[in-house]
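Down below is the structure, laid out as structure tokens.
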Amino acid sequence: MIELHSAQLDAWIVAFAFPLARILGFIATVPIWNTPGIPRRTRLILGLAIAVAIIPALPPMPPVAPASLAGLMILGQQTLLGMAMGFAVRLVFTAINLAGDFMGFQMGLSFATFYDPLNSSQTPVISEFLNLIALLLFLSLNGHLLYVATLARSFLVFPVGSFPGSGSWLNLAELATQIFSFGLLLSLPVVVALMITNLSLAVLTRAAPQLNIFALGFPLTLLGGFAVLSVSLNYLATPLQSIYELALTAMLEFAAPAGR
């Protein structure tokens, strides 16, 4: 006759509940999986499937009762840690949207927005275009599988029961400063080309004051921006791959010691 003791049941619950809390917190904030277009039930099933797949390879869980105060604190810590990991990835991916904003502003398309049903907000067309290209490229590189692999590795870097210190959250805040540098680097070809175009139009206006700069400048800026953007798309894979690598690295290194 099989006998089950409360200690065995607690160990089974802890072995499943603590990793699941981190996984669900990660899915709730990471790009691609946190879009409102994916139903919550689907995300919950995805979290359960990932937990069942990686739990056998995880290190032992701390011997605490799941309903105790210590167990509830660890459960909350794991949820917060998963959300912080997903937020670190989201910070890096925001650089792509910022690059689209820079391009649209220089091209005169900052006012051209449309309703995005996935984010439930008005989104600039250039930002949405770059974001879709970046997400498709990320999926083509099996980025969703890299999510799972990095998430499983996080249980070795941050074992259940340990929690990053205050310096780790400072590193997460400093990670946000890289949004502007990466966004500017992605948009630099279009920004520089349109800057040269605007300087040429300024010289042309001084040479021929009878020209209507408003009627001539906007079409030229728009066409020039699209031409440079279409050419730069052929070379966009390399910087985007660097952003993906930084995003996956940020999942594990945001809790590294400050200055590292």
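Data for the structure
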read-out	value
Some residue of the stretch 56-68 being touching a helix residue (DSSP H, G or I) at 6+ places or on another chain (Cβ under 6 Å) and within 19 Å of L146 (Cα to Cα)	yes
Test: residue in the stretch 9-25 that is of a type in the set (K, R), open to solvent by 60 Å² or more (accessible area, probe 1.4 Å) and modelled with pLDDT of 85 or more	no
In the stretch 5-31, residue nearest to I54 (Cα to Cα) [restricted to those that are part of a loop (DSSP other than H, G, I, E, B) and in contact with a helix residue (DSSP H, G or I) (Cβ under 6 Å, 6 or more places away or on another chain)]	V30
Qualifying residue in the stretch 202-216 (condition: under 19 Å from T94 (Cβ atoms), at pLDDT below 85, touching a helix residue (DSSP H, G or I) at 6+ places or on another chain (Cβ under 7 Å) and surrounded by fewer than 15 Cβ atoms within 10 Å (Cβ to Cβ))	no
Meets criteria (open to solvent by less than 70 Å² (accessible area, probe 1.4 Å), closer than 28 Å to M83 by Cβ and of a type outside the set (S, T, Y)) for A237	no
Breaking point among (1) out of contact with any helix residue (DSSP H, G or I) (no Cβ under 6 Å at 6 or more places or on another chain); (2) part of a helix (DSSP H, G or I), for T35	(2)
Check on P219, modelled with pLDDT of 80 or more, surrounded by fewer than 14 Cβ atoms within 10 Å (Cβ to Cβ) and either closer than 27 Å to P31 by Cα or not basic (K, R) (or both)	yes
Any pair with Cβ under 8 angstrom, 6 or more apart, that starts in the stretch 23-34 at a residue that is at positive phi and ends at one that is open to solvent by 10 Å² or more (accessible area, probe 1.4 Å) and in a helix (DSSP H, G or I)	I32/L135; I32/L139; I32/H144
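The values are calculated or read from the model by the stated rules, or taken from the named source; none is laboratory data. Quantities reported herein were computed from a predicted structural model and do not represent experimental measurements. Heads up, the Cβs are rebuilt from the backbone with ideal geometry, glycines too, and the neighbour counts pull from every protein chain shown. When the accessible area is computed, the model is the full protein with side chains, heavy atoms only, and any ligands, DNA or RNA have been set aside. Shrake-Rupley method; radii C 1.70, N 1.55, O 1.52, S 1.80 Å.
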